[in-house]
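Worksheet: the structure to be examined is printed underneath.
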Amino acid sequence: MNERIMELAEQAGLEYNYDPMLWMKQEKFAELIVKECANFVREEYDHEHAEGIAWHMEIKFGLHGDYA
């Protein structure tokens with residue numbers, strides 16, 4: 001799991017309970033939220049830096065493999 005997503009999950013009171021499927025679902029949920037936010041920036045802001053901002057949001061949360 002992406003380290004930052006894990007930190008946020010812990011801050012939200014989610015505890016690792018040795019159920020890897022549960023953690024995978026929570027991680028996927030967090031990734032979908034990040035993607036939705038990044039896509040919002042891309043679609044709603046007609047600004048020269050919108051794509052870069054969205055890209056960096058995704059990198060921050062480990063959605064671009066080698067860049068995470």
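The values are calculated or read from the model by the stated rules, or taken from the named source; none is laboratory data. Source: prediction; values computed, not measured. Reconstructed Cβ throughout: ideal geometry from the backbone, glycine too, with neighbour counts over all protein chains shown. Side chains included, ligands, DNA and RNA excluded: accessible areas come from the protein's heavy atoms. Shrake-Rupley method; radii C 1.70, N 1.55, O 1.52, S 1.80 Å.
Observations
- Residues that are of a type in the set (A, V, I, L, M) and either more than 15 Å from Leu63 (Cβ to Cβ) or open to solvent by less than 60 Å² (accessible area, probe 1.4 Å) (or both), drawn from region 25-50: Ala30, Val34, Ala38, Val41, Ala50
- For beta carbons closer than 9 Å, sequence separation of 6+ or different chains, a first residue in region 7-25 that is at pLDDT below 80 and a second that is exposed (fewer than 10 other Cβ atoms within 10 Å of the Cβ) and not in a helix (DSSP H, G or I), the qualifying pairs are Trp23/Asn17.
- Close contacts from region 55-68, counting a first residue that is modelled with pLDDT of 65 or more and a second that is open to solvent by 90 Å² or more (accessible area, probe 1.4 Å) and among the charged types (D, E, K, R), with Cβ to Cβ under 9 Å and a gap of 6+ residues or different chains, come to Gly62/Glu3.
- Some residue of region 50-60 being β-branched (Val, Ile, Thr) and touching a Phe, Trp or Tyr at 6+ places or on another chain (Cβ under 6 Å): yes
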